[in-house]
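These notes are about the structure you will find just below.
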Amino acid sequence: MILQLNPEHPQPRRIDQAREILKSGGLVAYPTDTVYGIGCDIFNKQAVERLHALVKEIKGAPDHSPLSFICKDLSNIAEYAFVSDYAYRTLRRMLPGPYTFVLEATKLVPKVMRKKRKTVGIRVPDSPIALALVEALGNPVANTSATDGEGELLPDPWTIEDLYGHAVDLVIDGGYVFPEPSTVIDFSGDYPQLIRRGKGDVGDLEYVELI
């Protein structure tokens, strides 16, 4: 099912429809500021397992590959990850925006999201629809990017519906997205490391090391 939303001012009633699907364990595809994502409620174990299975199907990834998740703001991030003073100052400058930050997870992150990993990837995208979903749900949304079987990022809701309508419960139409991966920065160590250069400027970030 495709649900059309205004990308700048998402209609509250339609956001409520999407929230109810997430709350009931559904998977929802939605636009962000970088790509279309597919997500679920991080506290619904069955939904997270469904998302893991879909990631394995569409990306050929191993079982329980890492999932990022979307928070509504920096204060929300601090509930689920340990944020150093330096990281806090940096994130405050860069968020919301097209970045994924790798941080040490707190115990509030469900085990099904962490498995044996100590870190999590967290986003606060500059996307009214994505942030409205998290706000309405009341907790973060687990997330993976929507790709085809060849690894190409999918730019529109209709293609997602055609390819994965069998696996997702709702596709939000927020318009066409010119997809570009987020920039990934690891703040879990003593100094930040640039894991992936994508959309988003890192020119003013100190002590970034490519690995």
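Below are the figures for this structure:
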quantity	calculated
Selection within the stretch 148-187 - more than 20 Å from GLY26 (Cβ to Cβ) and not in a loop (DSSP other than H, G, I, E, B)	LEU153, SER182, THR183, VAL184, ILE185, ASP186
Whichever residue in the stretch 137-173 is over 17 Å from LEU51 (Cα atoms) and among the charged types (D, E, K, R) and, among such residues, is modelled with the lowest pLDDT	GLU150
Residue within the stretch 107-119 that is buried (at least 18 other Cβ atoms within 10 Å of the Cβ), in contact with a Ser or Thr (Cβ under 7 Å, 6 or more places away or on another chain), of a type in the set (Val, Ile, Thr) and closer than 30 Å to GLN4 by Cβ present	no
Residue satisfying condition, being buried (at least 19 other Cβ atoms within 10 Å of the Cβ), in contact with a Phe, Trp or Tyr (Cβ under 7 Å, 6 or more places away or on another chain) and assigned to a strand (DSSP E or B), within set ALA142, ALA130	ALA142
Residue in the stretch 41-53 that is part of a loop (DSSP other than H, G, I, E, B) and either surrounded by fewer than 23 Cβ atoms within 10 Å (Cβ to Cβ) or charged (D, E, K, R) (or both) present	yes
Restricting the stretch 58-95 to residues that are within 16 Å of the chain's Cα centre (by Cα), part of a loop (DSSP other than H, G, I, E, B) and aliphatic (A, V, I, L, M), the residue that is modelled with the lowest pLDDT	LEU67
Residues located in the stretch 1-36, provided they are assigned to a helix (DSSP H, G or I) and acidic (Asp, Glu)	ASP16, GLU20
Test: ILE38 is under 22 Å from GLY138 (Cβ atoms), of a type outside the set (Gly, Ala, Ser), touching a Lys or Arg at 6+ places or on another chain (Cβ under 6 Å) and surrounded by 19 or more Cβ atoms within 10 Å (Cβ to Cβ)	no
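This table checks each residue for (1) within 26 Å of GLY200 (Cβ to Cβ); (2) among the small types (Gly, Ala, Ser); (3) in contact with a Pro (Cβ under 8 Å, 6 or more places away or on another chain).
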site	(1), (2), (3)
GLN11	no, no, no
GLN17	no, no, no
GLY37	yes, yes, yes
GLN46	no, no, no
CYS71	yes, no, yes
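The values are calculated or read from the model by the stated rules, or taken from the named source; none is laboratory data. All values derive from a computational prediction rather than experimental measurement. In this analysis, Cβ positions are derived from the backbone assuming ideal geometry, glycine residues included, and neighbour counts consider all displayed protein chains.
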